[in-house]
Structures are given as C-alpha cells and as structure tokens.
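Asks: Below is one structure. I have some questions about it.
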Amino acid sequence: YVALRAVFGAGRTTVQQLARVASVEVLRSRSEGWPARAESLFTVFVVAAVFFGSSVGLFVVIDNMRVLGLWLKHFDRPLFQQIALAFSLTAPFFSYQIPMNLLFRTGSLVWVARRHYAFVAYSTFFASLSLAIKLLPIYLCLLVLAEIILSVSFFIPGREKTVLSGSHAGPAGLKTAAVCSLAIALLWLFAHQQSTQRFSVL
C-alpha cells in the first residue's frame, strides 16, 4: 500500500505542477481578451492531465509487480493487484486539480473548501461503513467512488457563478477520464488473468 501510495502520489504531484502552469496560462489568455484561446488551453491541459494520470495507472497495471517487485521484498500479489486497481482507476481523475487551481487563483476559496469538506465527510462515512463490513474490496470500491465524486464536483460546477461556468472542458475531461478508467480496468483484468494462469502452471 505504501509503495503504491508513493507511486501515485508522485503522479498526483506532477499533475499539481501542471495545474499551476495551466491556471496561469488560462487566466492570462482571459485577461488579454482571448476567451476562446483560454477555453482551448483549459481543454488541452485537462486532457493532458487525464492522459498522464492514465499513463501512471497503466504502468502499474501492466507492470504487474515486475519493476515494483524489485523494490518490495515481501508482498502479497493478490492484495497488491486489488489496491493497484483502486489507485489506477482514480488516476485519470487527478485532472480535477486544474479547475481547482483556477478557482484558487480567482478567489473562489469558499467554493473549493465546500467540496473538500464534503469529501472529508463522505470519505469518513465510507471508511466507517467499510470498517463495519470488514471487507477490503468494499473499502477500495468506496475509495474509488470518493475520489471520483470529488473530481466530478470540480468539473461540474453547481449554481454558484465561478470562472468555470459555461466551460465545456469539464464534461469532456470527465468523459475522457471515464474512458481511460475503463481501459485500465480491462487491462487489469487481462494482467490478473495472465498472472493467475502463470501461477497455476507453476
């Protein structure tokens, strides 16, 4: 878990750095009177972040403990695969940090804070529910759900008037992230099947 957290944490940090550049460039274009260019830049940065996060998830799934296994001396492969799938499915949604940075830079701190307070609340509820059920797969599924809800909340603004209002990049980014997550899930199933067949032969 710690090893996977480190890998995906590095991916999340990279997207954070990309989000800082994206927010500056998008707001600069808007301030110079180029809203269409700003929208295009926003879309490009979001898609780039989705594909980068997906690449991290795909690497972990396809690697299937080949490289990471050199780092870990003792590991439980089935457990590793379950946790890797959960983290990998959320990786394409790291791109929510781009609209989040835009909101920070435009002073919508209350808007951002409400989404994070809600994230803490339902994450706590999911953790308590998983603790009562005492099934790791349930917790991992709820962990994925919590991350996706957080991402969706930034890409689809509510009634509040924000810098993201009227933008079409959000729905497009979510669709791209959903497709990438589906591709990761299919590759995970293939890698899991191949691993199971290999051990059954041995």
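Residues checked against (1) open to solvent by 20 Å² or more (accessible area, probe 1.4 Å); (2) modelled with pLDDT under 85; (3) over 21 Å from Ser54 (Cβ atoms):
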{"position": "Thr162", "(1), (2), (3)": "no, yes, yes"}
{"position": "Ser165", "(1), (2), (3)": "yes, yes, yes"}
{"position": "Leu174", "(1), (2), (3)": "yes, no, no"}
{"position": "Ala178", "(1), (2), (3)": "yes, no, no"}
{"position": "Leu189", "(1), (2), (3)": "yes, no, no"}
{"position": "His192", "(1), (2), (3)": "yes, yes, no"}
{"position": "Ser200", "(1), (2), (3)": "yes, yes, yes"}
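Asks: In addition: Looking only at region 83-111, how many residues end up being surrounded by fewer than 18 Cβ atoms within 10 Å (Cβ to Cβ) and in a helix (DSSP H, G or I)?
Replies: 4
Asks: Separate question: Looking at Ala169, Ala146, can you tell me which residue is at pLDDT below 90, on the phi < 0 side of the Ramachandran plot, open to solvent by less than 50 Å² (accessible area, probe 1.4 Å) and of a type outside the set (Lys, Arg)? First the steps, then the outcome.
Replies: Numbers: Ala146 fails: at pLDDT below 90.
Ala169 is the lone residue from the list that is at pLDDT below 90, on the phi < 0 side of the Ramachandran plot, open to solvent by less than 50 Å² (accessible area, probe 1.4 Å) and of a type outside the set (Lys, Arg).
Asks: Sticking with this structure for a sec: Does Ser128 count as within 20 Å of Phe155 (Cβ to Cβ), of a type in the set (S, T, N, Q) and open to solvent by less than 80 Å² (accessible area, probe 1.4 Å)?
Replies: Values: within 20 Å of Phe155 (Cβ to Cβ): no; of a type in the set (S, T, N, Q): yes; open to solvent by less than 80 Å² (accessible area, probe 1.4 Å): yes.
For Ser128, the condition - within 20 Å of Phe155 (Cβ to Cβ), of a type in the set (S, T, N, Q) and open to solvent by less than 80 Å² (accessible area, probe 1.4 Å) - is not met.
Asks: Now for a different question. Are there any pairs, at least 6 apart or on different chains, whose C-beta atoms fall under 7 Å, with the first in region 37-56 and farther than 15 Å from Leu89 by Cβ and the second among the basic types (Lys, Arg) and open to solvent by 40 Å² or more (accessible area, probe 1.4 Å), and if so, which?
Replies: Ala38/Arg30
Asks: Checking the conditions here, which among Val112, Val60 is more than 20 Å from Pro171 (Cβ to Cβ) and within 19 Å of the chain's Cα centre (by Cα)? I'd like the intermediate steps shown before the answer.
Replies: Details: Val112 fails: more than 20 Å from Pro171 (Cβ to Cβ).
Only one candidate passes the filter, namely Val60.
The values are calculated or read from the model by the stated rules, or taken from the named source; none is laboratory data. All values reported here derive from a predicted model rather than from experimental measurement. As a convention, Cβ positions derive from the backbone with ideal geometry for all residues, glycine included, and neighbour counts pool all protein chains shown. We work out accessible area using only protein heavy atoms, side chains counted, and drop any ligands, DNA or RNA first. Shrake-Rupley method; radii C 1.70, N 1.55, O 1.52, S 1.80 Å.
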